[in-house]
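Any read-out appearing in this document is the output of simple, stated calculations on the displayed coordinates, not a laboratory observation. Bear in mind the structure is a predicted one, so any value in this text is a computation, not a measurement. Cβ coordinates were reconstructed from backbone atoms using ideal geometry, including for glycine residues, and neighbour counts include every protein chain displayed.
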Amino acid sequence: MENLIGLLIAAPLLGAVVLLLGGRRLDKAGHWLGTLFAAASFGIGVVLFADLLGRGAEDRTLYEKLYTWIPVEGFQADVAFQLDQLSMTFVLLITGVGTLIHIYSIGYMEHDERRRRFFGYLNLFLAAMLLLVLADNYLLLYVGWEGVGLASYLLIGFWQHKPSAATAAKKAFLVNRVGDMGLSIAIMLLFTTFGTFAFGPVFASVGNATEGKLTAIALMLLLAACGKSAQVPLQSWLGDAMEGPTPVSALIHAATMVTAGVYLIVRSAAVFNGAPDAQLVVTIVGAVTLIFGAIVGCAKDDIKKALAGSTMSQIGYMILAAGLGPVGYVFAIMHLVTHGFFKAGLFLGAGSVMHGMNDEVDMRKYGALRKFMPVTFVTFGLGYLAIIGFPGLSGFFSKDMIIEAAFAKGGTQGWILGGVALLGAGITAFYMTRVMLLTFFGEKRWQPDAAGHEPHPHESPKSMTIPMVILAFGSVFAGAFFEIGERFLKWLEPVTGYEHGNSPVSAMTVTASTMVVLVVGVGIAWSMYGRRPVPVVAPRGSLLTRAARRDLLQDDFNHVVLVRGGEHLTRSLVYVDHSLVDGAVNGTAAAVGGASGRLRKLQNGYARSYAVSMFGGTAILIAATLLMRAV
Amino acid sequence: MNPVNYLYLAALLFTIGAAGVLIRKNAIVLFMCVELMLNACNLAFVAFSRMHGNLDGQIIAFFTMVVAAAEVVVGLAIIVSLFRTRHSASVDDASLMKL
Amino acid sequence: MSALAAATSTSTGEAVQFWVLGTVAVIGALSTILMKKAVHSALSLAGTMIILAVFYLANGAYFLGVVQVIVYTGAIMMLFLFVVMLVGVTAADSLKETLKGQRWLAVLCGLGFGVLLIAGIANAKLTHFNGLGRVNSAGHVEGLATLIFTKYVFAFEITGALLITAAVGAMVLTHRERTERAATQRELAERRVREGVQLPPLPAPGVYARHNAVDVAGLLPDGTPSELTVNKTLRARGQIRDVSSEALNDLKALEQASAERLGREEASK
Amino acid sequence: MSFPLLTVTAALPAVGAVLTAAVPAARRTAAKWLALLFSLATLALAVLVAVRFEPGGARYQLTESRAWIADFGVRYELGVDGIGVALIALTALLIPFIILAGWHDADPLENKSQRWRPTQGFFALILMVEAMVIISFEATDVFLFYIFFEAMLIPMYFLIGGFGDRATSSRSAAAAAGGTDENAAAQRSYAAVKFLLYNLVGGLIMLAAVIGLYVVAGNFSLQEITAARAAGTLDMATNTERLLFLGFFFAFAVKAPLWPLHTWLPNAMGEATAPVAVLITAVVDKVGTFAMLRFCLGLFPDASKWATPAILVLALISIVYGALVAVGQRDIKRLVAYASISHFGFIIMGIFAMTSQGQSGATLYMVNHGISTAALMLVAGFLISRRGSRLIADYGGVQKVAPVLAGTFLIGGLATLSLPGLAPFVSEFLVLVGTFARYPVIGIIATIGIVLAALYTLVLYQRTMTGPVKEEVRTMQDLRLREVLVVAPLIVLLIGLGVYPKPLTQIINPAVEHTLSDVHEKDPKPQVAVEAKNGEAAK
């Protein structure tokens, strides 16, 4: 069984190699090949899953060591995989959703002449992501971590002819790099502390390390997580990342990659458990992002950007849960999975809408689409219900659990976090309803696009709708399936550990209050966008709205402080390098030149003056010899 | 009298000759000064040969004369051709060593 | 016999001779480097050399002494004089120094050098000396010959080569290669016509009874002297006598005289 | 004495150089093939050396020793340790690609008056450089090393000054070079002279130090002196040792440009043709870092430890400063040059971190940086030769018209920013860990370099390759077969060494252990005991 783990990664990797090196002759079959490899990986994943289920809860950890990667004195980095319940969950999510989105892309990218390359990149991403979740040590995880970064760079900038896309891709990579800095420092700390960075030894001996060390490590890991999962303060890239094709947004920037941060924290549970201060920071980051993303999501008129904001905020939920410790790990992952379903579904829906609307993204130019693309409407709607936590749907269970756990933190912290989580739920309800109304209800607000084509909304091809249906199915039933008999809890508990938090407020109350804020949010949204017609040109809006449209000025801050400052810094440094460092050297050279020029005058060319110097020299020589004799 | 005086005399003449080389501009006179120096050396050699009681000194002086003769021949030839080209025998006019 | 004496000891005679002639030699040397005219320098150098020859003899180097007189004073110095003549006997080069500080430096170095030499000799403490008696026992010239043809034979041969080279070199340097055939009278005439600078032959120098006039410029009708009439070499040496003033005076005198005679004519009427 | 493998390895390219130079002017192509042939033969020999070398064996292997200048105790002593083997392999590996990449760089210009057999000269000089570099990697006699360390400058001088960028002789590139063709030539000779002067100054100071070493130690044999130093039988006065160390280090710091002695590199790499630029930064400069590792540490352990803090700070400045200035460059080649300066900062930092990870990493870094820079710079050269300009601003949207070129360029760039999975990552991470283990603060600051590297690389890629297609670029053609042949193997190597660096590390590690024992250093131990074995279940 173990050696299947390698295959799990090998399949999509092989796919990527074949597709990228294949050249034009593969253009015909490229997309099918890519989908095939992804599906194969999913198949292997299912087989392994069955195998795990067959085992006892305690020995559900498979381990495979391929070879020693970097053998250096006192520094052992292996290429080794570890498959346990946590990894398994991710494997299924990644390969499953991944395969669906491959299928979806077949239709979506039909008219792109670089479709083969697109599928190559997608496969590359799958391989990297699987490597990330299967690695048995932090260094290998780092490889996957950067690998997905590369894949997302390539995919965001897939339409490179658009400068905006190229810029967005670069930005995403750079911001992630800042996070990676944190990860690499964390690995160094681990190495100096434990002399290794393999999960097993480290987690086993966490107890021997001082809390200070653990806190430092944990914070660095958190920095990494912030970068990858678009948490404040490193969230700014996610919005721009929507420049990429919609399947990419669905797969990478909603379902899988952006959740890697959550994986990292949950995986490093042992470390975080040992560093309460760090955990507090994690919860704070989560809470802040939760609200931040939600607010941004409210203001955006670009449907994908709105969804991106929601992604941010949902991941905020997960991070918050992960920060709560054993109380929340399981629910973090659970919400991650359910979110994977419905958010992917939502994005695919959005994609389908754009597909029918000449790639128009401004929701204010949609409206009344429910008649024209019924399947999209239904699936999108189900996803919508799921995300706002409509009772019985998947989002309901997972989010509810998190809110409850937040209260369970106890003390004022508990109240604050719980309150924030509740508030977030309300805002989520609001902006998602807004999206829903703007897109599918109201009257037509379609505009001819730049080329002057009047949009003719139509349902997307089967290859696109089928995945949407499946995902919708998942987003409806996944939560219930997990929750009944606490299947998910039992499944993950051996890895992450679990302790039931006793919250000051009963579960019923929490649920009830959630319902209330939900209704309120939906109500407000309906009153604003449902009743009265929506202006095609966005109104100026309140100060907050305008700020939110600009990602709460976070980008402007970056631009002014980092970009401008950086430009000035580099420019001045270039000047310094040229005039000071180099100038010093050239100055000395000039000085020498001048001196020799003056000396040159001594050579006046008159034989007799040369004779004088010769004669004097002789005299001096004789004097010297005589003196030598004398002494 | 101590024949060392011959050496003193030689030294004196040599120095005078050297000074002449440095002072005079006329190439011919310059040559004469060189001759003077050579002769001073010869005198010293002769005196030495007498002191050490062997003839090697004189031999050297003899060779010196031969060399001096050769030198003068060539030198004067040079001076003549120089004079032909630039109508002057002043060494300062030939200040072509400078770039 | 006297040779041996000269070789082993220094008689008072020799001392007197040394001091007297030595002084003269130094004076000669000084005048060599101080005389304005090259000729004088040459002559005084010749004097010095003869005195040195005497000193050689006094030191028992008879052969050298003779060679000194014959070769040096006889041949080399004459060569000098010849060249001086060629370049210009009377051309007196100014002793005015053109290079800044050259003279002072020269004197300084000279003094320092001399002092050093003399100090060195003084340090050497050469008090005792053994004369040439033994080596001259088989005869002086034979002694030299033996050395030259045995010990120094190679050097001797090489000097031979050197002399040959020098002779050839002198010829090469002074000889002017004629690249094209000499122009005939006719061609010269034609060229003169073509250039039209100087059609008739150069004017002859003016001739006056009073002196050898090869260096006197001929007078043009208006009495001004013409440079063309004097030999190029003389001109190069600046040896042209200007007699125009005399000529004018003569002319005046002539006119006066004629005027008087005419006047007498008047009177006689 | 067995077959003198090392001598032959070093001599072969020299012979090749002579033969190539002797090829008559008309037979230009023959000269190229001859040079390529010899470089490949050298590569074969280098492989043989690597095979003959037993990692577990003695420190210096395949040694040769002959009396040379007996009066001064100068011997002709050769020998390689793991580090030497790795670098010789790198050199021998890169030269064929350099030759292949510069295939047409030295063809006589039509509009120019014929120089004296430029083509033959170009390739002969390259081979000559290779010979000298290889022998200075082999020399275990300080004086012998010094001679070739200096002699290297002569062919390099002519390569830089004599063979400019083809681009800079065309119209648009003249503009890029900031003026006319003559202007370009002037800048070129300026760069060459600057290169020469910098390195000569370093070399002179080193010569003084070499002589001083002889005075102190009485011979030039690296092995003897090192052994004596390690055993403590040869003790120098503290100040003497420090001065000698500085003398050596200065020369090496100039060669492997360390801030603030780096300013010759951008000029040289900017003005020289791309292959020559690769020759400079990937091959010749490595001699400097290599020599730090072998000579500075071995001969002057105490002084090295004394100077470590200062050097680490300089290295740190190089890393950050080089990267920042690279961001501000407008000229592709200069940008790569400053990136190299930043990377050399990493190498030097690793060497002086005095940990086995740091030094293994540094040595790996030398090899990987050689390969990655070669890949990036050569592709950049192909790009420049097409458009005839070195200015980044003159490009845009190349990806659309020449996808293969863009792809290889991207991979080269990713290697430069040391993306995990590519070779440079391994070395860079080792260096960082090694430094961090002993100097945490410096290690952390150095990680900023990672971000900056990403910045300048991606900015370069974005500005040149992506965006709307520029008019002048529209007609650009994709990589030719020759060029693919140059780049593809390098990329394969980058990936291969990134995934499986073991073959290199197992050669390098023992040598590094020796070096560490020279300076009496031990790796810092992990602070806490570790219980579970690697690979056991996490719970």
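The angle between the Cα long axis of helix B:56-86 and the main principal axis of chain B comes to about 10°, on a 0 to 90 degree scale. Averaged over residues, the count of other Cβ atoms within 10 Å places the peptides D:328-341, D:440-453, A:49-62 in the sequence D:328-341, D:440-453, A:49-62, highest first. Counting only other chain Cβ atoms within 10 Å of each residue's Cβ, the peptide A:600-607 averages 5. Compared with the dominant Cα axis of chain A, that is its longest principal axis, helix A:138-156 is turned about 80°.
Scanning residues 5 or more positions from D:D141 or on other chains, those with amide H under 5 Å from its amide H are D:E77, D:L222, with H placed 1.01 Å from N in the peptide plane. Quick one: check the C-alpha center-to-center distance for the stretch A:527-577 versus the stretch D:302-342, whole angstrom. Spelled out, the Cα-based centre of one part sits 35 Å from the other. Normalised by 2.2 N^0.38 Å, with N the number of residues, the alpha-carbon radius of gyration of the stretch D:441-539 equals 1.79.
One equal scatterer on each Cα of chain D, no solvent, Debye formula: the resulting log10 I(q)/I(0) at q = 0.07, 0.10 Å⁻¹ is -0.37, -0.76.
Positive end of the dipole of the stretch A:215-328 (Cβ unit charges, origin at the Cα centre): among A:A255, A:Q235, A:G309, the Cα lying farthest that way belongs to A:A255. With a simple spin-label model that places each label point 7 Å from the Cα along the Cα-to-Cβ direction, the separation between A:S542 and A:V563 comes to 2.9 nm.
Each 5 Å bin from zero holds the following percent of Cα-Cα pairs in the stretch B:4-86: 3, 16, 19, 20, 17, 11, 7, 4, 2, 1, 0. Just how many % of Cα pairs in the stretch D:29-168 lie over 25 Å apart, if you round to the nearest whole percent? Cα-Cα pairs of the stretch D:29-168 separated by over 25 Å account for 37 percent. Using a cut-off of 20 Å between Cα atoms, the listed pairs A:K171/A:K228; A:K162/A:K305; A:K171/A:K399; B:K25/C:K100 include A:K171/A:K399 as exceeding that distance. Across the stretch B:4-86, the mean sequence separation of Cα contacts (distance under 8 Å, 6 or more residues apart), normalised by length, yields a relative contact order of 28 percent.
Among A:448-458, D:426-436, the peptide with the highest mean count of other Cβ atoms within 10 Å heads the list, and the full ranking is D:426-436, A:448-458.
Put a dot 7 Å past the Cα of C:V66, heading toward its Cβ, do the same for D:Q527, and the two dots end up 10.9 nm apart. At a Förster radius of 45 Å, what calculated FRET efficiency corresponds to the Cβ-Cβ distance of C:K252 and C:A167, to the nearest 0.05? In this case the efficiency is close to 0.15.
When the charge dipole of the protein assembly as shown is built from unit charges on Cβ atoms (+1 for Lys and Arg, -1 for Asp and Glu) and taken about the Cα centre, the candidate among D:F250, A:V420, D:V528 whose Cα reaches farthest toward its positive end is D:F250. Taking a straight Cα-Cα cut-off under 24 Å and skipping sequence neighbours fewer than 8 places away in the same chain, the lysines within cross-link reach of D:K525 are A:K213, D:K305, D:K502, D:K533. The share of C-alpha pairs in the stretch A:206-280 whose separation exceeds 21 Å stands at 35 percent. Per residue, the average separation of C-alpha pairs within less than 8 Å and at least 6 apart gives chain D a relative contact order of 16 percent. Candidates A:A321, A:V378, A:G351 compared by Cα position along the dipole of the stretch A:302-381: farthest toward the positive end lies A:V378, with charges placed on Cβ.
With q set to 0.06, 0.08 Å⁻¹, the log10 of I(q)/I(0) for chain A, from the Debye formula over equal scatterers at the Cα positions, is -0.36, -0.57. Within the protein assembly as shown, the proportion of Cα pairs with more than 55 Å between them is 49 percent. Spacing of the modelled spin labels on D:R474 and A:W32, each 7 Å from Cα toward Cβ, amounts to 3.8 nm. Note on C:L199/C:S245: beta-carbon distance plugged into 1/(1 + (r/R0)^6) with R0 of 41 Å gives a FRET efficiency of 0.85. Axis angle, to the nearest 10 degrees, between helix D:5-22 and the longest C-alpha principal axis of chain D: 30 degrees. Seen through its C-alpha gyration tensor, with square-root eigenvalues sorted a ≥ b ≥ c, the stretch A:221-349 comes out prolate because a/c lies at 1.5 or above while a/b is bigger than b/c. As a calculated quantity, the FRET efficiency between A:A451 and D:I69 at R0 = 51 Å, using C-beta atoms, amounts to about 0.05. With contributions of -39500 (n - 2.57) from each DSSP H run of at least four residues, the per-residue ellipticity at 222 nm computed over the protein assembly as shown stands at -23000 deg cm²/dmol. For the listed residue pairs D:K333/D:K400; C:K37/C:K232; A:K170/D:K470; A:K300/A:K409; A:K300/A:K343, the alpha carbons are over 25 angstrom apart in A:K300/A:K409. In order along the stretch A:89-106, the Karplus-derived 3J(HN,Hα) couplings, from 6.51 cos²θ - 1.76 cosθ + 1.60 at θ = phi - 60°, round to 3, 5, 4, 4, 4, 4, 5, x, 4, x, 4, 3, 6, 4, 4, 4, 5, 3 Hz, and Gly and Pro are given as x.
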